[in-house]
Amino acid sequence: MKKILIFISLLFAAIAASGQNPEDEYVLHGKVMDQNGEPLTGVLVFSENSFKGGVSDENGNFSMDTWKGDRVSATILGFVTQTFEIAGQDNVVIRMEQDIEQLEETVVIGYGTINRKELTSSVSTVKAESLNKVVGTTVSNALKGKVTGLRIYSTSGAPGTQASITIRGGSSINKSNEALILIDGVPGSLSNVNPQDIASVEVLKDAASTAIYGSRASNGIIMITTKEGSNQKLTVNANVSYGYQNASKRIDRLNAEEYLSVVRPALARSQYASLLTQAHPAGTGNTETSAFSTRYLRHGETLADGWRWMWDPISPRKVLIFEDNDIEDELFEGGSIINAYLSLNGGNDRNKYMISAGYVGDTGYTPERSWDNITFRANNTYSITRKLKLISNISAYRTMSVPYANEAAIFSRGVHLSPAIRGVMADGTDSPGWDQNYQNPVYLINNIVNKRNDYGFRGILGLEYEIIDGLKAKVSGSYNAAVMHREYFEKANVYNNLRNANYYGSIDQTSQIDITLNYDKTFRKDHKISAVAGVSSLYYNIYDYNAQAHGGSKDDIYTLNAASEYDSATSTRERERMNSFFARATYSWKEKYLLTASIRGDGSSRFARGNRWGWFPGISAGYVMTEEPFMQDARWLSLLKIRASYGATGNNSVGRFDYQGLWGSSTAYVGASTWLPSDIPNTALTWETSSQADVGLDISFLENRINLVLDYYDKITSNLLFNDKLPNTSGFGSVDKNIGKVRFWGFEAQIDARLISRKNFSWDFGANVSWNMNKVLKLPDNGNYKNRVGGVQFSDDYYAGVGGIAEGERMYSVVGYKVSHILDTAEEAANAMYDERAGGYDPATGTKEQGRKIAGDYEWVDKSGDGMITPKDQYVLGYLVPTTTGGFNTSFRIYNFEVYANFDYALGHVIYDRQISLVNAGMQDGTLTPTKDVLDYWQKEGDAAGTEYARFDINDGSNDGQWNHYRTSDRNTYKGDYLSFREFKVAYNFSHKLLNKARIQQCQIYLSGQNLYCWSEYPGYMTEYSSSNRNLSDGNYPQPRIFTLGLNITF
Amino acid sequence: MKKFKIIAVSFLISLAASCSLDILPDSSVSNDSYWKTQNDVEAAVNGIYTQMRNQLDSWKWIYWFEARSGNMAQGMTSCGIGSYIENEITPSLNDVSWSTLYNIVAQANAVINNAGRAEFHDTAVHDKLLSEAYFFRAWCYFQLVRLWGDVPKITNFISSLDDPQLYPERSPKDEIYQLVLDDIAKAGELNTEKSIESRNRVSRAAILMLQTEIYLWMYRVEKASDQYLAMAETAVDEVLEFPGLQMLGNYRDVFETENNSEIIFALYYDLLENTSQYGTLLCQSSTLVPEEYRNNPIPVNNSNNRIKFSDSFCSRYLDKTPGDTRASYICDEIESGGTVYRYTLKYQGEMNGNTRAFTTDTRMYRLAEAYMFKAEILALKGQDAEACSMLDKTVSRAYGNDRFYSAKALTGDDLMDAILDERMIEFAGECKSWFDLIRFGVVFERVEKLIGRENDKQGNILYLPVHNDSISRNTKIKQTPGYEN
């Protein structure tokens, strides 16, 4: 509340800065026209002294208060601002000229900028208006669906969590595929910058554009440029919004009555029938102190409020009573997001500044989960002399969040507990759940205190000196520090009363020095040269510390001084340095033939002497056909450019000391220190090298109203840093070696069009699609067919391996069985094939026979044709990574209203699921809630005609179970294709006439939504990605659906 | 002015480029630079013990050394023990991978191959540390060869990718037995100190116990010469005379008191180091046991009860002699609400707040076993009366009778059976039952699930199959005949 008050008073203070009005004021009339004599609408004509003015109407007419001697400016986007002095005339005609400079887009590339027309490599730009059309809290989410070649996927929807980004599939198999993030030229992460401080985001995709960053560039680069000051008078922009959020996805599952009607019979026919009378969610042995509620109705007892009853499905004359509590209802309580942002932008010819402050208060929609972020920025350019400029970018942020210490325990496990859980225990506390691994989420959340503070400072200080005309020298130094500390405390509870306390954190420092020389010159009108050369040194200095203790006696003191037993205290430090040389030259002739070449040399401390230095060249060329004389008449085609590029980049993401082989200290023995080797030495280690070729086409029609960008690329990474598994007799699990080759290729297409553009109605449409494929070319020799690593292999059948990674095959495959049909009768089951994985427990006889099937089981497809179902019968069921990603967006403007919608989609991946199959396989002794599908599962002979699903069993995935549902198969590997209605906005812009009176330039009130709906087949929480650990230990926090009401005002 | 600018710029450039790229790790040590002082070797030897704890998790102890004998059964919650009890073991089961033992061997090899590089002031200290490393290498290979038969023989510390032993083949078991014999002999030569400094570390007494066990196995199972029986007797006699060792009067105390005088070598578990000693698998579940019995007397923990002593164990051994004071400590039952809760008090650790921590040290060798070995040797030599009186020394506290077996005057096969029965009870749950059955030559008679299966898996039924992962990582390794797919 206090924050909002301060904010509002600042707003009024700014408004109050007004000028004086002299007595000889009169009304001036006039008309504004463009260079062709056409009237111009919406031009703001105002006095620079009094700030009073008017806006030109449909005929170009305007009127305003002014006086003789007043200075008046006429300004509108896309035209050169006109300023003149009033000579006392009644009427005035103002002619405005189109600002060619502004119309030509400037693109930020490494160590400089270039005109979009002259760009010969593959770079996509997202400008601030598009990025922040719907104001969100994270940069990565704001980029979804807006850029070709980017796959952006959320692995958790928790507040403040960034999504993961890969560009063109990445470049590696075992090492990181994450893009390099540069904020104003300095490495950082997306959470270091407030999205509203960003002027543009450039995505550098091909080798030629990224080669200038050499050894870190193989995965592409995301360059963030923050807003800089202007030399116009002070503009103040404020954006305030308030939003409501709740989970965008719920799992469709059984209620308590359905649960009991399915699980009790399943227990009765299993080996775990003893649980039917015990303190189990489906058992009748629950007492007043049990965590679950199910039991028989006692003689003479009346049903308590909130309890339900049913006939016991296995003893029909007994009455079961139980509570019905859906844990999702408890967890998904709903929450709010407050987002407030203020920026001041202005200056004069000497000094340009931009100052901003932002606040986000995100309470999350689940209990005790929040994220508060305060950011501050001051970007300043000061001209000391005409030739010498001082540039400073300073930003700071403070994030206070309360994350979940173990998100998987809540959303991958605890949330699935049976609805027969007691809502509240007799003493008013929450039910603890089943056991330590499957706790009631609300109980777990209330018992864990986990607070995290992040403080960051980023500062860049630079001096730019113009030596001679066109030649500039620049020295800049930057220092970033990110301090994180985290407080963890577990209150005494049923599962653990040790009161574990943990205090840990890190200090992450990055410093960088850049010295560059820029040269820009146009010779004899036709020859344009632009060159840059420089050196750079980057240094990382990181401290980590961690202290643990337990044994305190109070639940409300979280610090370690209250603990009685000290468990451990450690700290570590790591340093790294990289020195670099780089140069780039761009030449264009008549703006028709374009050529760019660059080179970078990097020396890194991560590799041994002799392998330290790498050189990374890049070259690209372009031909702008529309600059040819014979093309000038085709007015409908405003741009046709063909470009091609080729270059080499590196990926240096090995551990900092991997080549040296390491010994590290380990747990003590009888209190004495122990050391164990952790890595085997590898002095030949060096970086992975990627070479990429890109061919592209830029076409624009109808005076740039329709723009098309097409790219085809082919990338080969050799010297793949392969985590080669070592024999398990060697004492080491694996080692990184540079062997192996992989290929990524694909195409991208992007179109954006201004379909209709009229005075009061306009309609824009944009769409993009990216297709990406990979293939492994070479792997270390390991004696297997295709040198297969991982997956399923057989020592006696050379060709039968499937899955894992193999030469000539696509990566990220999922291997499993295929269902042939359901064994409907006991006879069919007796004649079924021997199934190695099935435990063969037959409830009719109470005996076990390995490999035996019973009625209601799946019969699997016998791929190998040997009459048995063994691991050899597995297929590749699909791939974890989508082949096609993209998005489309559209916006309308009708009078003062604006409507905007953005969708994104991904096709071609499968969800490797353990969430839904965990519950539908009755795992954890049937204490979890199956989904509604289970009601349709096979129950008796004849059902196979009407259902696709085998019988529901308790512990189907145990050694004694049949593994119908728990086995990875085409029944539990879902298609991951999704279409998400990602952003939506309806806005009303107040008219200029109304605003003029309050001297406000622009004011918009809007209603927006995020993550509105996601169409997909997968019934679990997260569809945007699929992990190779089957979603078992992933966070799985569902993404929030957010509705926001906001106000954006500029004056 | 111009000159100044040029100098300034070149100075800045050289400054930027001259910052060194040689950065040594601040918090860890590289492989080459590790072996410098005596402390480094000590820390590496301590690492062997830590690896024994880390690598041999509770499942390995039970599955490899107990489960197949039929003395254990599934507890109240399912686990993978079924395959082992049934003796239907397949190469895809998690716990048939030998990597755990090789990881311990690797650490022992590190010490054996590199201890000489460090500076020692006192050769006795150096020798003692080396003897510990040899002990563990011998112990590990002794288990490897008995569990898998032919196994790779690794004696180098693999510290480079060019090492010839990086991709080994399976060596014949006779070679491995020879390595075991050489190593344990070496350990005995290096450590001649007749005292036990710490019962949590390998002393000469522990080395002698392992020697006895190895020689007895060679004699009885590998049909080696009589010399081995004599060597076994020499070794065990020295243990029986060892200072600092004495039988306790009460069976319970042997397990409730750490570092008591009966322990020769116990692997240390502690709240600050490792609380997952294998007793955790035998513990009951706090969710299932009715409240009035939780920790009173049934030890419970908030995890599942995976394993219990089997019905056949209880009827055949535990209940064999009425009045056996060990019985209720080893295994007892309480019935409540129609369910029988079978529990043990052995190896149940300590309470840490309201969580149970399994910190009872794993007693790998204790004095009672020395007496049992001596009894076995005497019986093999035909000295039945003396064997009986040795047996009595162990069990007198159990039956409250100094002459329980001497009075029965057992001979021949009956005596052997009695010795084995007593071992089954005395060392119940101490991970000795499986190899005891093989050593006494009765595994195909006493284990219900193995009756008549001598020729199963081409005669290799007593071995474990090689894990699929071992083969996929090194194609020179071939699966044991009988277990191929």
The protein assembly as shown - percent of accessible surface contributed by carbon and sulfur, probe 1.4 Å: 52
Can you pull the mean other chain C-beta count within 10 Å for peptide B:468-478? 6
If you average the sequence gap of Cα pairs under 8 Å that are 6 or more apart and divide by the length of chain A, what percent do you get for the contact order? 11
Of the listed pairs A:K133/A:K932; A:K775/A:K818; A:K133/A:K233, which have alpha-carbon separations greater than 31 Å here? A:K133/A:K932
Equivalent ellipsoid semi-axes for segment B:353-485, as square roots of 5 times the alpha carbon gyration tensor eigenvalues: give them largest first, rounded to whole Å. 36, 23, 12
Enter the angle in degrees (range 0 to 90, nearest 10) between the Cα long axis of helix A:2-15 and the first principal axis of the Cα atoms of chain A, meaning the one along which they spread out most. 20
Heavy-atom accessible area per residue - segment A:885-932, 1.4 Å, Å²: 28
Give, rounded to the nearest 20 debye, the magnitude of the charge dipole that chain A has about its Cα centre when Lys and Arg contribute +1 at Cβ and Asp and Glu contribute -1 at Cβ. 2760
Going from the alpha-carbon gyration tensor of the protein assembly as shown, what semi-axes, largest first and in whole Å, does one get by taking the root of 5 times each eigenvalue? 70, 38, 31
Could you order peptides A:1008-1016, B:403-411, A:719-727 by the average number of other Cβ atoms within 10 Å of their residues, highest first? A:719-727, A:1008-1016, B:403-411
Take each of the peptides A:616-622, A:815-821, average the number of other beta-carbon atoms within 10 Å over its residues, and list them starting from the highest. A:616-622, A:815-821
Placing +1 on each Lys and Arg Cβ and -1 on each Asp and Glu Cβ in the protein assembly as shown, then taking the dipole about the Cα centre, the residue among A:T148, A:G733, A:P39 whose Cα reaches farthest towards the positive end is A:P39
Given an 8 Å cut-off on Cα distances and at least 6 residues of separation, report the relative contact order of segment A:382-466 as a percent. 49
Taking the Cα centroid of segment B:359-412 and of segment A:57-91, what is the distance between the two, rounded to the nearest whole Å? 114
So, in Å, what gap is there between the alpha-carbon centers of segment A:444-522 and segment B:176-197? 55
Give me the three principal axis extents of segment A:28-181 from the C-alpha atoms, as integers in angstrom, largest value leading. 75, 38, 28
Spin-label pair A:V319/A:T385, simplified geometry with 7 Å Cα→Cβ offset, distance in nm: 9.8
Cut-off under 5 Å, modelled amide H: who pairs with A:L637 long-range: A:L702
Angle check, please: helix A:256-268 long axis (alpha carbons) against the longest principal axis of chain A (alpha carbons), in degrees 0 to 90, nearest 10. 40
Members of B:K153/B:K173; A:K472/A:K528; B:K153/B:K478; A:K117/A:K146; A:K144/A:K451; A:K474/A:K528 lying beyond 19 Å, as alpha-carbon distances in this model show: A:K117/A:K146; A:K144/A:K451; A:K474/A:K528
Links exceeding 32 Å between C-alpha atoms in this model, out of B:K308/B:K457; A:K975/B:K60; B:K128/B:K374; A:K52/A:K387, come to A:K975/B:K60; A:K52/A:K387
Size of the A/B contact, given as accessible area buried on both chains, probe 1.4 Å, in Å²: 6700
For the ranges A:191-199, A:451-459, B:130-138, B:60-68, what's the packing order if you count other beta-carbon atoms within 10 Å of each residue, average per peptide, and put the highest first? B:130-138, B:60-68, A:191-199, A:451-459
Within 10 Å of each Cβ in A:728-741, how many Cβ atoms from other chains are there, averaged over the peptide? 6
Find how many whole Å separate the alpha carbon centroid of segment A:257-329 from the alpha carbon centroid of segment B:43-97. 36
Non-local residues with an amide H under 5 Å from the amide H of B:N352, with H modelled 1.01 Å from N and Pro and chain starts lacking one, are B:A357
Given the -39500 (n - 2.57) contribution per DSSP H run of 4+ residues, what per-residue ellipticity at 222 nm results for the protein assembly as shown, rounded to the nearest 500 deg cm²/dmol? -5500 deg cm²/dmol
Within 10 Å of the Cβ of an average residue in B:46-53, the count of other chain Cβ atoms is 6
Could you grab the relative contact order for segment A:23-168? Cα pairs under 8 Å, six or more apart, rounded to a whole percent. 16
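The values are calculated or read from the model by the stated rules, or taken from the named source; none is laboratory data. Just so we're clear, the structure is a prediction, and the values are computed from it rather than from any experiment. All Cβ positions, glycine included, derive from the backbone under ideal geometry; neighbour counts span all protein chains shown. Ligands, DNA and RNA are excluded from the accessible area calculation, which covers all protein heavy atoms including side chains. Shrake-Rupley method; radii C 1.70, N 1.55, O 1.52, S 1.80 Å.
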